[in-house]
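S.K.: Before we start, here is the structure in question, set down as C-alpha cells.
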Amino acid sequence: MERHNETRRLKWALAISVGYFFAELIAGFLTNSLALLSDAGHMLSDIGAMTVSLYAFRLARRPATPESTYGYHRAEILAALFNGLALWLLVGVIFTAAYNRLSSPPPVESLGVIVVAVLGLLVNVAAGLILYEPHHHNLNLHGAFMHVISDAVGSVGAIVAGLVMYFTGWYLADPLISVFIGLLILYSSWNLIKESLSILMQAVPKSIRLEEVQRTIENVDGVVEVHDLHVWAVTSGIYTLSAHAVVENGEDLHEVLNGIEDTLKEHFSIEHTTIQLETESREEKEFKGF
C-alpha cells in the first residue's frame with residue numbers, strides 16, 4: 001500500500017513536470033535565455049528521473065526468483081544512482097553553454113524570462129510538495145525530489161537573472177546565473193550519489209550504529225557475546241543482519257533466537273536476520289584449539 005501511494009505521488013509530479021517542460025523550452029528559445037533553457041534542460045532531467053523511478057518501483061514489485069533471491073529491490077537504488085549521475089551530466093551541458101556565452105552574451109527578453117521563471121518556480125514547489133513526505137524514507141524518491149528541488153533553485157536563479165537584465169541591461173548575468181545553478185546542482189546531488197553507492201557497497205546504513213546493535217543484542221537474556229556482525233540495506237528501509245551469538249549453557253536456543261529477532265525489529269526495524277547461535281562450551285573448545 002505504501003509503494004502504491006508513492007507511485008501515485010510520483011505520477012502526479014511527473015504529469016506536472018511534463019506539462020511545464022514544453023512551455024519553458026519554447027519560452028527559452030523565444031526569449032533567447034540560457035538560464036531558461038538550462039532550467040528547461042533540468043526539467044527534462046526531472047522527467048527522466050521520475051520515469052526511471054516509476055519503472056524502478058514497478059521492477060521492485062517483482063517477486064524473488066531462484067536467480068534473484070532478494071528480488072529486485074535494488075532497482076530503486078540503481079535508479080537513484082542514475083538520477084544523480086544524470087544531474088552531473090546536465091551540469092556539464094550547462095557549463096559548456098555558459099562558457100560559450102561569457103565572451104559575448106546575446107540580448108535576452110528579460111521580462112519574458114521573469115514571467116516564465118516565476119511560473120516554473122510555482123510548478124516545482126507543487127511537485128516538491130507532492131514528493132516531500134515519501135522522500136524521507138525512500139532513496140529512489142529522494143533522487144526524484146532532489147531533481148525537483150534543484151530545478152526550483154534553477155527557477156529562482158532565472159528570476160534573479162531576469163530582474164538584473166531587466167533593470168540594468170547586463171546580459172552577462174544570464175550565463176553567470178547558469179553557472180551558479182550548475183554548482184548548486186552538483187552540491188545537491190553529491191549526497192544522493194554517495195548514499196546510493198553506500199547501499200550498493202553494502203555499507204552499514206547511516207541511521208544504524210553497529211556498536212549499538214551489538215550492545216543491544218548482548219543485552220538479550222541468555223546472550224553472552226556477539227561477533228561476525230554485519231548490517232546492510234537491500235534498499236531504502238529494508239535492512240538485513242547476519243551475526244554469530246554466543247549463548248549461555250542450558251539456555252533455550254529458540255527462546256534466545258526469538259528474543260534477538262524481536263529486539264532487532266523493535267529497536268532498529270531489522271526484520272531480515274541470519275543468526276548463528278553458539279554455546280559457551282563450543283567457544284571454549286575453539287579458543288583452546290580443540
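Rundown of residues vs (1) in contact with a strand residue (DSSP E or B) (Cβ under 8 Å, 6 or more places away or on another chain); (2) charged (D, E, K, R), yes/no style:
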{"residue": "76", "(1), (2)": "yes, yes"}
{"residue": "85", "(1), (2)": "no, no"}
{"residue": "88", "(1), (2)": "no, no"}
{"residue": "112", "(1), (2)": "no, no"}
{"residue": "115", "(1), (2)": "no, no"}
{"residue": "120", "(1), (2)": "no, no"}
{"residue": "139", "(1), (2)": "yes, no"}
{"residue": "144", "(1), (2)": "no, no"}
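S.K.: Hey, can you tell me all the residues within segment 52-85 that are touching a helix residue (DSSP H, G or I) at 6+ places or on another chain (Cβ under 6 Å) and among the polar types (S, T, N, Q)?
M.R.: Result: 53, 83.
S.K.: Suppose we filter 79, 86 for residues that are within 29 Å of residue 200 (Cα to Cα), aliphatic (A, V, I, L, M) and out of contact with any His (no Cβ under 9 Å at 6 or more places or on another chain); which single one remains?
M.R.: Criteria check complete, one pass: 79.
S.K.: Any residue that is aromatic (Phe, Trp, Tyr) and over 20 Å from residue 48 (Cα atoms) - is there at least one of those in segment 113-136?
M.R.: Checked segment 113-136: no residue is aromatic (Phe, Trp, Tyr) and over 20 Å from residue 48 (Cα atoms).
S.K.: Pull out all pairs, ordered by first then second residue, where Cβ-Cβ is under 7 Å, the residues are six or more apart or on different chains, the first lies in segment 239-260 and is closer than 28 Å to residue 70 by Cα, and the second is among the polar types (S, T, N, Q) and surrounded by fewer than 19 Cβ atoms within 10 Å (Cβ to Cβ).
M.R.: From segment 239-260, the pairs are 239/269; 241/273; 242/274; 244/276.
S.K.: Additional query: Can you list the helices (runs of 4 or more DSSP H) found entirely within segment 1-119 that contain at least 3 residues being modelled with pLDDT of 80 or more and either more than 18 Å from the chain's Cα centre (by Cα) or surrounded by 22 or more Cβ atoms within 10 Å (Cβ to Cβ) (or both)?
M.R.: The qualifying helices (runs of 4 or more DSSP H) are 2-31, 74-102.
S.K.: Answer yes or no: is there a residue in segment 42-49 that is within 30 Å of residue 238 (Cα to Cα) and among the aliphatic types (A, V, I, L, M).
M.R.: yes
The values are calculated or read from the model by the stated rules, or taken from the named source; none is laboratory data. Predicted, not measured: the structure shown is a model, and the values here were computed from it. Virtual Cβ from ideal backbone geometry, glycine too; neighbours counted across all protein chains shown.
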